[in-house]
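Where a number appears in this text, it was derived from the coordinates with a stated rule and is not lab data. Only a predicted model underlies this, so the values are computations on that prediction, with no experimental measurement involved. Methodologically, a virtual Cβ is constructed for each residue, glycine included, from the backbone with ideal geometry; neighbour enumeration extends over all protein chains shown.
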Amino acid sequence: MAELKVRTRETGALAVMPPGGLPVVTTPTSGSVDVVTGVNAQGFNPLDLLYASVAACMVLSARIAATRLGVAANLGEVRADVRGEKAEGDVSRVGRFMIVLDVQGDLDEATKRRIVEDAETICTVSNTLRMPPELHTTLAG
């Protein structure tokens, strides 16, 4: 089984919203995304970014799982379709995430299921949502 190499990098995000404008989110690694708010606006809204984080983490974790299982060479395309439902009685919170992981490649069904199970335990984003961290918000200055 392949050993996982842990590499660290600076993480985080900075959202800036100019007067009368929409937020732009940047990362310490020079990533950038414009945020939209309109129901029909094209692009990512804050909730889309949450679902995108889960989806990206799950497909990357599936690749890690396949590597650990020694089947990475047989792994084809991996897709994560992530949806959510608002919490009952609380419209300001997601109460349930539904994740469908589609694992393609020259792999039997048991191996595909194992990759899905392992990806779920590897993914930092989904693990964080399972056991929410403390949030501390302060006023700058």
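Annotations for the structure displayed:
- Ranking Gly12, Asn127, Phe44 by how far each Cα lies toward the positive end of the dipole of the stretch 12-141 (charges on Cβ) leaves Gly12 at the top.
- Diffusion coefficient, µm² s⁻¹, Stokes-Einstein with Kirkwood Rh over alpha-carbon pairs of the stretch 36-141 at 10 °C and 1.306 mPa s: 102 µm²/s
- The chain: angle of helix 109-122 to the longest principal axis, Cα-based, in degrees nearest 10: 40 degrees
- Peptide ranges 14-22, 105-113 listed from the most packed, as the mean C-beta count within 10 angstrom indicates: 105-113, 14-22
- Angle in degrees between helix 46-68 and the longest Cα principal axis of the chain, rounded to the nearest 10: 20 degrees
- With 5 Å bins from 0: P(r) over the stretch 102-141, alpha-carbon pairs, percent: 5, 18, 17, 14, 12, 11, 7, 5, 5, 4, 2, 0
- Taking a Cβ cut-off of under 15 Å around Ile115, the surrounding Lys, Arg, Asp and Glu residues balance to a net charge of -2, with basic ones at +1 and acidic ones at -1.
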